[in-house]
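Okay, so here's the structure we're looking at.
The values are calculated or read from the model by the stated rules, or taken from the named source; none is laboratory data. All of these numbers come straight from a predicted model, not from anything done at the bench. Every residue, glycine as well, gets a Cβ built from its backbone with ideal geometry; the counts of neighbours run over all protein chains shown. The accessibility values were calculated without ligands, DNA or RNA, using every heavy atom of the protein model including side chains. Shrake-Rupley method; radii C 1.70, N 1.55, O 1.52, S 1.80 Å.
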Amino acid sequence: MGWAARGGALVRLVRHEWTLVVLGSIALAVLLTWPTMRHPATTIPQDTGDPTLQAWQIGWGGHALLTQPWQLWHSNTFFPEPYTYAYSDTLLGYALFGMVGSGPEAAVVRYNLLYVLVHALAFVGAYALSRQLGAGRAGAAVAGASFAYAPWKLAQAGHLHVLSMGGIALALAMLARGHGWSLRDGYRPERARPGWAVAGWLVAAWQVSLGFGIGLPFVYALALLCLGAAAGYGLSRVRRKTWPVVPRRLLLADLGGGLAFGAVTLLMAAPYFEVVARHPSGRRTIEQIAMFSPPLRGFLTAPPESWLWGERHAVAREQLGFAGEMTLLPGVVLVGLAAAGLFLSAWPVRYRLALAAGVVVSVALASGTTLFGDGKPGYVTLVEHAPGWDGIRTPGRLVIWTTLLLGVLAAGALTVRETDPQPAPWWRRPARLALLVPLLLVLVEGVNRTPHAEVPAQPAVLRGLTGPALVLPSEGTREYHVMLWSTDGFPRLVNGGASFVPPSQDRLRAASVSFPDPAAVAELRAAGVRTVVVLHGYVVGTPWQDVAQRPVTAPGVHREDHPDGVVYHLD
């Protein structure tokens, strides 16, 4: 191949639709998540609570798989408890990122990079799904933008596991392509691509590996889609009196891909069932779910982080019990476009009605216990009867599905059927240019005012720490900071934060309040703790504020004083 031919191939690659979509989505993500990438090593979006926990989770996944993969689920936190990695969503699917770099600063940089990239993936996934279903570029771009930058997502800026939803749309796009199916043309066996079907199942498995808070409803959605496809296949056979054509390779692809997906799901679920068996308090109750269940007006209310709607919806937010999980506005422009798509669309009427029904069902389920006053039938019914559903305490996050379905409806409304076999360039078609306006409006609704907090620096006294250790103070969000700092070598720690407190941690915390008296030292030693660190800069106002001033009366305890803390060796 000559230089001219190679140059032409490179130009075609650069100008290819998918190259432009991927590069454009990354650039857009950097812009609309700004200032995340301004100081990626020292600041983190929203606050220093959950984001620092999740930075540790990503780091632990990479560290464990590189060093002791058989110990993956038994993390370095909550010592001496087992299966502690399953105390919350793990983000295990990002373990490859966790294999690069070490220490707290690298963990924060990884988190910020992923925070930007998950927005880009959400755009690409919804764009790909809409294109596969038959939408034009403008409609698919609106679907991608709304899925990536819906106003409700701004309230979730501190929850990377919630924002990591792009794999859902991308997997559905690949599965639809693999099966030769679209909303415009239905099933076309000649268009089936078994390789894409396998890829779709693998992406779906990866999505589940990020966590069950978002992954479990996806598992059930895929199961319903499979049942619907089987029912449609059977109905088609009855009508035609013959078997519809299904390529043998496609059946094998579904069998292999589906088995891989099921295996990953079961392997991910097993430690969570073990945790619930050991700690029944970790199971969500109906009362907890009710605390986070939004009223219908929550779906019309934006969070304060929204540049366009934040201040305008301040009064409405005051009427919500837990605004962080109840401000669920998918976007005013999106809702309007989706409504228009019910009446004017490239999609057949039956599919428009099916999409609208999906929107209604997803809103009903996302309402949790507020539906019909008690969530029955609805979310509570699933909690009581669907395996694993009682582990999800925030029903409002099902608005993910509402947003995706509204986006597909909007894409149909913005799709123009091409009648000219050789259309004029897009810049000569004013009607096509006008289709950019809805895209810009959707993006404006996604502009953020998300705060970026300074990440607490690792105290020098913790560098090179060896465990098992207890770091004091041990309470609140400081536990997440200690977890982040522990990415420096991952020493075993009593410290750890989750939605419930295991009895062993509760007991050791209570004992440590009187440390270093002999009784406290004896109990910590009995549990296996060999080091206690007291951080000077954080104990003020806590039960441990005068620990460093107390005399050491227990035998065999060696004290080391440092500028920012005290280390007690209990050996």
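List of remarks:
- Residue within the stretch 298-320 that is out of contact with any strand residue (DSSP E or B) (no Cβ under 8 Å at 6 or more places or on another chain), modelled with pLDDT of 90 or more, within 23 Å of THR33 (Cβ to Cβ) and surrounded by fewer than 16 Cβ atoms within 10 Å (Cβ to Cβ) present: yes
- Against the conditions (1) touching a residue at least 40 places away in the same chain (Cβ under 8 Å); (2) surrounded by 16 or more Cβ atoms within 10 Å (Cβ to Cβ), PRO35 satisfies every one except (2).
- Criterion violated by GLY262 - all others in (1) open to solvent by less than 40 Å² (accessible area, probe 1.4 Å); (2) under 28 Å from ARG191 (Cα atoms); (3) at pLDDT below 85; (4) not charged (D, E, K, R) satisfied: (3)
- Elements of type helices (runs of 4 or more DSSP H) in the stretch 143-209, at least 3 residues being among the small types (Gly, Ala, Ser): 166-178, 194-209
- Candidates in the stretch 177-197 are the residues that are buried (at least 23 other Cβ atoms within 10 Å of the Cβ) and hydrophobic (A, V, I, L, M, F, W, C); of these, the one that is modelled with the highest pLDDT is ALA197.
- Single match in GLY368, GLY358 (criterion: open to solvent by less than 40 Å² (accessible area, probe 1.4 Å), at pLDDT 90 or above and on the phi > 0 side of the Ramachandran plot): GLY368
A quick yes/no check of all residues on (1) open to solvent by 10 Å² or more (accessible area, probe 1.4 Å); (2) at pLDDT below 95:
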position	(1), (2)
HIS74	yes, no
THR77	no, no
TYR87	yes, yes
THR90	no, yes
GLY93	yes, no
PHE97	yes, no
GLY101	yes, yes
VAL108	no, no
TYR111	no, no
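- In the set LEU227, LEU202, LEU160, LEU170, only one residue is within 27 Å of SER306 (Cβ to Cβ), among the aliphatic types (A, V, I, L, M) and open to solvent by 30 Å² or more (accessible area, probe 1.4 Å); that residue is LEU170.
- Hey, ALA323 closer than 21 Å to GLN46 by Cα, touching a residue at least 12 places away in the same chain (Cβ under 8 Å) and open to solvent by 20 Å² or more (accessible area, probe 1.4 Å) or not: yes
- Condition broken by VAL552, with the remaining ones in (1) modelled with pLDDT under 95; (2) touching a helix residue (DSSP H, G or I) at 6+ places or on another chain (Cβ under 8 Å); (3) hydrophobic (A, V, I, L, M, F, W, C); (4) surrounded by 14 or more Cβ atoms within 10 Å (Cβ to Cβ) satisfied: (2)
- Residue tally, condition within 28 Å of the chain's Cα centre (by Cα) and open to solvent by 50 Å² or more (accessible area, probe 1.4 Å), over the stretch 342-355: 1
Okay, residues lined up against (1) touching a Lys or Arg at 6+ places or on another chain (Cβ under 9 Å); (2) of a type in the set (A, V, I, L, M, F, W, C); (3) more than 26 Å from PHE500 (Cα to Cα):
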residue: LEU66; (1), (2), (3): no, yes, yes
residue: PRO80; (1), (2), (3): yes, no, no
residue: THR90; (1), (2), (3): no, no, no
residue: VAL100; (1), (2), (3): yes, yes, yes
residue: VAL118; (1), (2), (3): no, yes, yes
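- Considering the conditions (1) within 21 Å of GLY166 (Cα to Cα); (2) open to solvent by 20 Å² or more (accessible area, probe 1.4 Å); (3) assigned to a helix (DSSP H, G or I), PRO51 is excluded by exactly one of them, (2).
- Any hit, the stretch 527-540, residues being without any contact (Cβ under 8 Å) to a residue 60 or more places away in the chain and more than 19 Å from GLN458 (Cα to Cα): no
- Comparison of TYR220, TYR127 shows that the only residue that is hydroxyl-bearing (Ser, Thr, Tyr), touching a residue at least 40 places away in the same chain (Cβ under 8 Å), closer than 21 Å to THR402 by Cα and touching a helix residue (DSSP H, G or I) at 6+ places or on another chain (Cβ under 7 Å) is TYR127.
- Every pair of residues 6+ apart whose Cβ atoms lie under 7 Å, when the first sits in the stretch 14-27 and is at negative phi while the second is part of a helix (DSSP H, G or I) and open to solvent by 80 Å² or more (accessible area, probe 1.4 Å): THR19/LEU13
- Selection within the stretch 271-293 - within 17 Å of GLY213 (Cβ to Cβ), part of a helix (DSSP H, G or I) and open to solvent by less than 60 Å² (accessible area, probe 1.4 Å): PRO271, TYR272, VAL275, VAL276, GLY282, GLN288, ILE289
- Residues considered: LEU382, LEU337. Of these, the only one that is surrounded by 18 or more Cβ atoms within 10 Å (Cβ to Cβ), at pLDDT below 95 and within 28 Å of the chain's Cα centre (by Cα) is LEU382.
- With respect to the conditions (1) closer than 20 Å to ARG352 by Cα; (2) open to solvent by 10 Å² or more (accessible area, probe 1.4 Å); (3) touching a residue at least 12 places away in the same chain (Cβ under 8 Å), VAL246 falls short on a single one, namely (1).
- Within the stretch 361-399, the set of residues being touching a Ser or Thr at 6+ places or on another chain (Cβ under 8 Å) and part of a helix (DSSP H, G or I) comprises SER362, VAL363, ALA366, GLY368, THR369, THR370, TYR379, VAL380, PRO395, GLY396, LEU398, VAL399.
- Scan the stretch 557-571 for residues that are part of a loop (DSSP other than H, G, I, E, B) and either within 17 Å of LEU462 (Cα to Cα) or open to solvent by 50 Å² or more (accessible area, probe 1.4 Å) (or both) and the total you get is 4.
- Answer residue from the stretch 294-335, given it is part of a loop (DSSP other than H, G, I, E, B) and small (Gly, Ala, Ser) and is farthest from VAL447 (Cα to Cα) among those: GLY321
- Per-region count, the stretch 338-359, residues assigned to a helix (DSSP H, G or I) and more than 18 Å from TRP401 (Cβ to Cβ): 3
- Failed condition for VAL124, given (1) open to solvent by 20 Å² or more (accessible area, probe 1.4 Å); (2) more than 30 Å from LEU183 (Cα to Cα): (2)
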